[in-house]
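Supplied in structure tokens, the structure appears directly below.
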Amino acid sequence: MLSVESIDSVLKSYYLDAICASLNSGVSPLYQAIERSAAEIRGKEAVVPTMFGICGGLGTTDETGELPDAGECMRTSFQVPLKNIYGVIDVSDKALRASRDNASGIVGILNNEIRAMVRSARFNLNRMLWMDGEGLLATVSSYKNGSMPEITVDDARMLAGGMRIDIYRSGTAVATGIRVHDVDQENNIVVIAYDEIGTVTPTSGDKLYVQKSKGNEVQGLPYLFGDDTEYYGVNKQAFPGIKPVSKSLGEELTVDAMQEFYDLTALRAGVDPDMIVCSPKTRRQYLKQLELNRRNIDYLNLDGGFKTLSFNGVPVVAERFAPDGEMYFLHTPSMKLVELNDWEWLEGDNGSILNQLDRKAVYTATLVKYANFVATFPRAEGRLYGITDPQGSSSTSGSDSDSGTGGSQG
């Protein structure tokens with residue numbers, strides 16, 4: 001007969017390894033390439049050293065001249081806060097009791113719950129790499145009431161059916177935990193339920209966030225390339241050597257423009273980019289350039305089962321959450337996901353994983369990871385933006401790719 005204790009044992013000994021393997025290898029090509037490290041952890045944050053420039057202690061003299069003065073490399077450290085990432089599953093007491101004499105029944109229940117949670121974690125981990133840590137999913141443009149109300153937003157690529165979101169107005173939450181029932185990415189429409197939105201009427205300018213996550217998410221690439229004066233406590237003006245490379249193209253994408261920016265990034269950093277990342281739409285523009293110039297279209301197979309285009313041997317990866325009109329020329333060896341631990345089950349006082357919710361006939365289990373993203377050598381990362389659309393049409397970044405859920409890309 002199955003019990004809560006025996007299910008705890010299965011969750012810990014069998015499911016945890018499978019969950020970790022799935023979340024560490026199938027999120028996206030970029031996430032796959034980023035090193036995970038716990039070596040820099042110091043208490044509740046990571047202290048990550050960075051070095052920029054070259055050693056100044058080199059010089060030439062004649063036989064009787066004085067030796068050069070020592071000039072150690074310029075260095076500083078980033079103070080990276082660890083973000084709390086949780087994944088929660090619920091199993092009703094009725095489902096457990098109905099399956100206590102049927103091992104395959106409870107295994108089926110756990111498989112379904114964990115599979116859904118892993119899919120959600122993949123989506124959100126990939127999404128957060130393309131956000132600045134504030135967690136802003138979209139801004140409301142208009143609202144249409146009805147039995148299934150529709151919220152039109154500026155860009156729906158960060159949203160997915162099943163999400164629970166909070167709606168903020170002027171910095172204050174006016175609705176919390178609203179379930180997203182469907183998302184029309186092509187028309188930027190978010191469908192919700194009338195009985196959940198209640199008397200709240202979303203208005204233009206309202207902000208959508210993942211439930212309880214405002215200001216607490218992983219700080220991804222937009223934080224690195226943002227206009228803020230600091231990067232993890234280091235002033236960009238006082239230490240200009242940590243600034244990443246950023247340039248506005250202001251015209252249609254060409255292979256020559258890509259090569260010019262690739263060379264600029266490599267020149268400033270002293271290392272070559274090893275991955276180019278953009279939205280599916282921007283990748284289509286690159287593919288069009290190859291076709292127009294009658295160039296060979298080469299493909300690469302990446303770790304994790306991903307397939308992608310190549311630019312002079314460098315993979316050109318389409319990420320569903322990358323903004324249109326931008327290309328990121330990245331040096332992935334200098335990017336890290338600093339983490340206190342890999343995914344682990346949150347255990348109760350008695351070491352239990354499945355714990356009953358207060359005054360409810362429901363058991364819950366929580367996966368936890370404390371981590372954040374950091375570029376250890378920001379100058380090696382480049383952002384080419386202002387790429388214009390030759391057709392002048394708009395489209396969403398996720399319309400023809402699902403790199404957030406793993407699999408191959410063509």
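The values are calculated or read from the model by the stated rules, or taken from the named source; none is laboratory data. Remember, predicted model here, so these are calculated numbers, not experimental data. For neighbour counting, all protein chains shown are included, and Cβ atoms are generated from backbone atoms with ideal geometry for every residue, glycine included.
Determine whether the range 344-351 contains at least one residue that is of a type outside the set (D, E, K, R) and in a strand (DSSP E or B).
yes
Yes or no: the range 156-177 includes at least one residue that is within 20 Å of A322 (Cβ to Cβ), hydroxyl-bearing (S, T, Y) and modelled with pLDDT of 95 or more.
Checked the range 156-177: no residue is within 20 Å of A322 (Cβ to Cβ), hydroxyl-bearing (S, T, Y) and modelled with pLDDT of 95 or more.
May I pose another question? Where in the range 282-340 are there strands (runs of 3 or more DSSP E), lying wholly inside it, with at least 1 residues that are closer than 19 Å to V374 by Cβ, in contact (Cβ under 8 Å) with a residue 12 or more places away in the chain and under 21 Å from the mean Cα position of the chain (by Cα)?
The qualifying strands (runs of 3 or more DSSP E) are 327-330, 335-339.
Yes or no, residue by residue, for (1) among the charged types (D, E, K, R); (2) free of Cβ contacts under 8 Å to residues at least 40 places away in the same chain:
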site: S25; (1), (2): no, no
site: P29; (1), (2): no, no
site: A33; (1), (2): no, no
site: E40; (1), (2): yes, no
site: G53; (1), (2): no, no
site: G57; (1), (2): no, yes
site: G71; (1), (2): no, yes
site: P81; (1), (2): no, no
site: K94; (1), (2): yes, no
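Any idea which residue in the range 264-281 is nearest to V317 (Cα to Cα), counting only those that are within 23 Å of the chain's Cα centre (by Cα) and part of a helix (DSSP H, G or I)?
P280
Here is a further query. If E344 passes every condition in (1) more than 20 Å from S28 (Cβ to Cβ); (2) of a type in the set (D, E, K, R); (3) modelled with pLDDT of 90 or more; (4) not assigned by TED's automatic domain parsing to the domain that holds K83 but one, which one does it miss?
All conditions pass for E344, except number (4).
Could I ask something else about it? Give me the pairs, please: first residue somewhere in the range 348-362 and in contact (Cβ under 8 Å) with a residue 40 or more places away in the chain, second residue anywhere and of a type outside the set (D, E) and part of a loop (DSSP other than H, G, I, E, B), beta-carbon distance under 9 Å, and either six or more positions apart or on two chains.
Pairs that qualify, where the first residue is in contact (Cβ under 8 Å) with a residue 40 or more places away in the chain and the partner is of a type outside the set (D, E) and part of a loop (DSSP other than H, G, I, E, B), are I353/L346; L354/G348.
Restricting attention to the range 230-238, does a residue exist that is at pLDDT 95 or above and of a type in the set (G, A, S)?
no
Take the range 286-320 and flag every residue that is in contact with a Gly (Cβ under 7 Å, 6 or more places away or on another chain) and buried (at least 22 other Cβ atoms within 10 Å of the Cβ).
Let us first name the residues in the range 286-320 that are in contact with a Gly (Cβ under 7 Å, 6 or more places away or on another chain), namely 304-305, 307, 320.
Passing the criteria: only R320.
Residues that are assigned to a helix (DSSP H, G or I), over 24 Å from L264 (Cα atoms) and either outside the structural domain of T176 (by TED's automatic domain parsing) or among the aliphatic types (A, V, I, L, M) (or both): does the range 188-201 have at least one? Before you say what the answer is, go through the steps one by one.
Here is the first cut: in the range 188-201, the ones assigned to a helix (DSSP H, G or I) are 194-197.
Applying the additional criterion that residues be over 24 Å from L264 (Cα atoms) yields 194-197.
When the remaining residues are screened for being either outside the structural domain of T176 (by TED's automatic domain parsing) or among the aliphatic types (A, V, I, L, M) (or both), the result is 197.
Yes, the range 188-201 has at least one match.
Kindly provide the set of residues from the range 213-245 that are surrounded by fewer than 20 Cβ atoms within 10 Å (Cβ to Cβ), part of a loop (DSSP other than H, G, I, E, B), touching a residue at least 40 places away in the same chain (Cβ under 8 Å) and in contact with a Lys or Arg (Cβ under 9 Å, 6 or more places away or on another chain), ordered by number.
The answer is K214, N216, K243.
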